[in-house]
1. Test of understanding: among B:L40, B:L70, which residue is touching a helix residue (DSSP H, G or I) at 6+ places or on another chain (Cβ under 8 Å) and within 30 Å of A:D182 (Cα to Cα)?
2. What residue, among those in the range D:76-87 that are in a loop (DSSP other than H, G, I, E, B) and surrounded by 17 or more Cβ atoms within 10 Å (Cβ to Cβ), is farthest from the other protein chains (Cβ to nearest Cβ)?
3. Anything in the range D:177-201 that is open to solvent by less than 10 Å² (accessible area, probe 1.4 Å), within 26 Å of C:S81 (Cα to Cα) and within 19 Å of the chain's Cα centre (by Cα)? List them, or say none.
4. Which condition does B:D163 not pass, out of (1) surrounded by fewer than 19 Cβ atoms within 10 Å (Cβ to Cβ); (2) under 27 Å from A:A179 (Cβ atoms), if it passes all the others?
5. Any residue at all in the range A:15-32 that's within 26 Å of C:V137 (Cβ to Cβ), in contact (Cβ under 8 Å) with a residue 12 or more places away in the chain and hydrophobic (A, V, I, L, M, F, W, C)?
6. Condition test on D:A174, is it closer than 30 Å to D:T4 by Cβ, open to solvent by less than 40 Å² (accessible area, probe 1.4 Å) and out of contact with any Cys (no Cβ under 9 Å at 6 or more places or on another chain)?
7. Which number in (1) modelled with pLDDT of 95 or more; (2) more than 21 Å from B:R165 (Cβ to Cβ); (3) not acidic (D, E) marks the one condition that B:L45 misses?
8. Could you tell me whether C:L71 is closer than 14 Å to C:C146 by Cα and surrounded by 17 or more Cβ atoms within 10 Å (Cβ to Cβ)?
Protein chains: 4
Amino acid sequence: METTTRALVTGFEPFGDETLNPTAQIVSQIAACDWPGFDLQTAVLPVDTYVAPTRLRDLLARYEPHIVLLLGLARGRVALSLERVAINLLNFAGPDNAGNRIQDQPVIPGGPAAYFATLPVREIVERLRKEGIPTEVSYSAGTFLCNQVFYTALHWADQSRLDARVGFLHTPAAPAQVALGDRLAPSMALEMMLNGVRRILEMA
Amino acid sequence: METTTRALVTGFEPFGDETLNPTAQIVSQIAACDWPGFDLQTAVLPVDTYVAPTRLRDLLARYEPHIVLLLGLARGRVALSLERVAINLLNFAGPDNAGNRIQDQPVIPGGPAAYFATLPVREIVERLRKEGIPTEVSYSAGTFLCNQVFYTALHWADQSRLDARVGFLHTPAAPAQVALGDRLAPSMALEMMLNGVRRILEMA
Amino acid sequence: METTTRALVTGFEPFGDETLNPTAQIVSQIAACDWPGFDLQTAVLPVDTYVAPTRLRDLLARYEPHIVLLLGLARGRVALSLERVAINLLNFAGPDNAGNRIQDQPVIPGGPAAYFATLPVREIVERLRKEGIPTEVSYSAGTFLCNQVFYTALHWADQSRLDARVGFLHTPAAPAQVALGDRLAPSMALEMMLNGVRRILEMA
Amino acid sequence: METTTRALVTGFEPFGDETLNPTAQIVSQIAACDWPGFDLQTAVLPVDTYVAPTRLRDLLARYEPHIVLLLGLARGRVALSLERVAINLLNFAGPDNAGNRIQDQPVIPGGPAAYFATLPVREIVERLRKEGIPTEVSYSAGTFLCNQVFYTALHWADQSRLDARVGFLHTPAAPAQVALGDRLAPSMALEMMLNGVRRILEMA
């Protein structure tokens, strides 16, 4: 009798002039917890437009997860942002960590213009807010790697017909990276972000 | 042999359509801690332009504190903001909790245009940031009750010649009030705000 | 020999607590100009989630325009925002002018998740900026009526196979509505918005 | 019979990575207009913390103006901002155009903590808004050269007992500098800024 839920949670390494990325920290803390009833896999993806989706597709093919929760940093946001839609478009404001610059290219040539998240976005956001965690629905995951891996995972779920629940969560900056850096930005305590991610996995 | 530092820490009750005020919570938590070497007094001031300064002057006259740290909520700010200057001006965007509306009046008729904080603002901000707490120097405490009590305390320090160290700290919203309310805003964990206030008292 | 380009330009009536809508003013000024080589039709759509798409579909069916440029106000934006994508989702933060409240409904049941604009978005934005008009590409037209009519027009273009060029332009507030209202916001001179719209029509 | 009002209007040269400064353009257009009843002097000040106040004091001593209106650019502001207070503090976020970096120094050692503007700030702001020009009262002119020249002029007015009306107006960016630059920001048409400055001079 199969009762185990396979879940994949990913974050990203630091990018640009940031020296840390809270999503990598969340992923390592998630990996260190007990998850009864879950078979949990985690990964920290490189900020490289060619390597990241390849790594992600390998993980998806190997684990065939029921739940895919992708995390990314969005400096400037004030709350956890659960993304509603991934679009088939890449357009970088600056280079990724490997120096790649992409302008107006599809994530997957010939793919549909967009996929909607398959997590119950509205229910999750309302629940987290009731629990005191600032959270919002977002309707744009941008056109950088966050949107790219989100679209990639949703395309895999669509093509594989595995009925996986796929979501993307943007996080605010962590207090430490804001405090020690040159520019202020809204932040959220890592413990609260971690709490939010746990609750999303439980609800998904 | 006198070795005790008398300190007064105040917050405000909730105002406008806010149902809680993190500065009141910080003050009650500060009051519940042990403060070896300190004789610590705390108060939660009403958001009433006539009652608040009267209450504050009473407290100052009774305790003659060496350190005065006033706290106030500034929804929208992303970091702890240590104010540098209090100006002799009241101008309300809306009514206070007692319904008073003030436009273009001095805090204290005949007082100087402004006083600078007498806490070591720059040193405190740099220390807190090194400790991972997002903090900034602010050059405007507004023209509402926060500025009013700040000016009132600095005027008292100036007139009494007691050489007190007086400062005002604006805080971001607390996560819970943001999560449960209608409008998102940057927030900071109460524990981090509390930590910041403790360190300011130690450094002052 | 057919050399006339049929173009449809629409704006919206004021909505919510706004007393004017610059897109309605732009549309009436556009309509009053000479457009050699163009057969230009204009309309001001009501902010009613049931009436607006019906009116728009009527206009599209009657005129079969080669170019469709839809305009909408986005208070808070700092530049003309040419939208890149319309999503098949309605979710209102508040009621429309007829009191309708929609949560998590598709624009067109069974339609694809999204359509991309068929105007040359990047080229237009770069040209307008070179001409001194602050302009940006936007990747979210929201989930209110702006997104709804944009999706509706793109769906029509897709289904009708008429190869129309369809775009949506969000505008900042106009100076007068900001100056006279209670809340400040970025604004742009009507003349500059009008200029931008003219150039888009010429380039489309 | 003396009926001429002597007025001095100054702007600043471009600073930092900006290639133009709308206040310099406004000053040159103001200088090119007829001003019946006024003896109008204008100057564009260098963004040099040592040269700018020296130049300004020379102009004040030579012309003994009845009205002093100082202009400065504040990229990011959405409206004309008439400053209410100048503080006796310099603290630069970066170097001025001559490479000077100042931290926590007074504008004038021994001067009072602040001076209030001597223009009728509230009346002007309300009038301009009624005329459709987005305008606000600001309570912080910062701690860079704008605040420095504002404090310098108010100190001169106080010491000279000439009863001059002194004000400082911060302007948004001009559309062209936003459109052609890398970062978007709110902007205002030069004509509207110019109009605002004219009206301020007439009302002062």
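The values are calculated or read from the model by the stated rules, or taken from the named source; none is laboratory data. Just so it is clear, the model here is predicted, and its values are computed rather than measured. A quick note on method: Cβ atoms are made from the backbone with ideal geometry, for glycine too, and the neighbour counts reach across all protein chains shown. We work out accessible area using only protein heavy atoms, side chains counted, and drop any ligands, DNA or RNA first. Shrake-Rupley method; radii C 1.70, N 1.55, O 1.52, S 1.80 Å.
1. On the way: B:L40 fails: within 30 Å of A:D182 (Cα to Cα).
Checking each option against the conditions leaves just B:L70.
2. At the first step, the residues of the range D:76-87 found to be in a loop (DSSP other than H, G, I, E, B) are D:76-79, D:84.
Now narrow it down to the ones that are surrounded by 17 or more Cβ atoms within 10 Å (Cβ to Cβ): D:77-79, D:84.
Values: D:R77: 9, D:V78: 5, D:A79: 5, D:R84: 7 Å.
My answer is D:R77.
3. Going residue by residue through the range D:177-201, those that are open to solvent by less than 10 Å² (accessible area, probe 1.4 Å) are D:178-179, D:185, D:187-188, D:193, D:196-197, D:200-201.
Then keep just the ones that are within 26 Å of C:S81 (Cα to Cα); that gives D:178-179, D:185, D:187-188, D:193.
D:S187, D:M188, D:M193, listed by residue number.
4. For B:D163, the failing item is (2).
5. Yes, that holds for at least one residue.
6. Working: closer than 30 Å to D:T4 by Cβ: no; open to solvent by less than 40 Å² (accessible area, probe 1.4 Å): yes; out of contact with any Cys (no Cβ under 9 Å at 6 or more places or on another chain): yes.
No: the conditions fail for D:A174.
7. (2)
8. On the way: closer than 14 Å to C:C146 by Cα: yes; surrounded by 17 or more Cβ atoms within 10 Å (Cβ to Cβ): yes.
Yes.
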